[in-house]
Amino acid sequence: MIATAVPRTPLTCAVETALRAPSVHNTQPWRWRIGSAAVQLHADPLRHLPATDPGRRDLLISCGTALHHLRVALAGAGSAAEVLRMPDPEDRDHLAAVHPVPGPPDPELVALAPAIAERRTDRRRLSRRPVPGDLLATLVGRAAAQGALLVPVVDEGRRDRLLATMAEAAVLQRAVPGYAAELQQWTHRYAQARDGVPAAAVAPQPTGTAM
């Protein structure tokens with residue numbers, strides 16, 4: 001959501017593009033403050049999912065994705081940007097301040113800009129085909145460039161343990177008070193909703209599996 005109504009400026013247009021970022025259950029848990037020379041990104045506590053995401057990790061990842069989209073949008077518009085993360089130690093919801101700065105934008109961000117309008121979340125089950133090693137290496141490098149650590153799980157034993165852990169976590173999460181209500185609220189939105197996951201976008205259960 002855009003927190004303040006302002007004229008359409010390059011910063012406003014970049015924020016509008018950043019709104020296409022994916023987020024947990026498409027809750028869009030961010031607020032933007034657009035000034036004449038900077039954009040402030042805040043977490044929106046009213047869109048936090050306390051049962052699904054008690055530690056706010058999914059909320060922060062969602063906002064981080066929106067921040068990345070903003071940087072890409074600015075680069076696509078020809079603007080370099082300086083990002084100050086967590087600029088106010090007294091306000092944990094103030095996640096970033098983004099200032100356009102003189103100079104050429106990052107060419108890798110420029111190259112990503114056209115993809116924002118084409119990006120879609122695919123909720124279908126993944127195939128069992130192995131991911132090529134060169135693609136994994138590329139993904140690891142792209143993550144590192146953003147300050148993140150991506151660890152491919154390719155060993156069969158480790159993958160089995162990870163799958164078992166995820167299955168156990170799913171069972172435990174379903175028993176958390178309020179989780180089912182949050183899931184229902186955000187995956188069964190009304191027809192014209194601009195947030196949440198429409199029921200039509202939820203992939204059906206594979207034939208023969210339990211609900």
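Quick note: the coordinates plus some simple rules give every number you see, no bench work behind them. Source: prediction; values computed, not measured. Cβ atoms come from the backbone with ideal geometry, glycine included; neighbour counts cover every protein chain shown.
Here are a few things to note about the model shown:
- Placed amide H near ARG20: partners under 5 Å, 5+ positions off or other chain: none
- Taken along the Cα-to-beta-carbon direction at a fixed 7 Å, the label points for ASP106 and ALA137 span 2.2 nm.
- Total formal charge among the other residues, if their Cβ is under 12 angstrom from that of SER79, Lys/Arg +1 and Asp/Glu -1: -1
- Each peptide among 47-60, 99-112, 15-28, 144-157 gets the average number of other Cβ atoms lying within 10 Å of its residues, and from highest to lowest they stand as 15-28, 47-60, 99-112, 144-157.
- Where the alpha-carbon atoms of the stretch 8-77 are placed on the principal axes, they occupy 38, 20, 14 Å, in descending order.
- In this structure, the amide hydrogen of LEU95, modeled 1.01 Å from its nitrogen in the peptide plane, lies closer than 5 angstrom to those of LEU41, HIS42, ALA43, counting only residues at least 5 positions away or on a different chain.
- R0 of 30 Å, Cβ-Cβ distance SER127-ALA77: FRET efficiency to nearest 0.05: 0.25
- Candidate membrane-span-like segments in the chain, meaning DSSP H helices with Cα atoms spread over at least 24 Å of their own axis and a Kyte-Doolittle mean of 0.0 or above, are 57-76, with no membrane implied.
- The stretch 12-42 and the stretch 102-149: distance between their alpha carbon centers, rounded to Å: 20
- Helices in the chain, meaning DSSP H runs of at least 4 residues, each add -39500 (n - 2.57). Divided by all residues, the mean residue ellipticity at 222 nm is -11500 deg cm²/dmol.
- Dipole-positive endmost among THR27, PRO104, THR9 within the stretch 1-127 (Cβ charges, Cα centre): THR27
- Relative contact order of the stretch 32-138, defined on C-alpha pairs under 8 angstrom at six or more residues apart (%): 27
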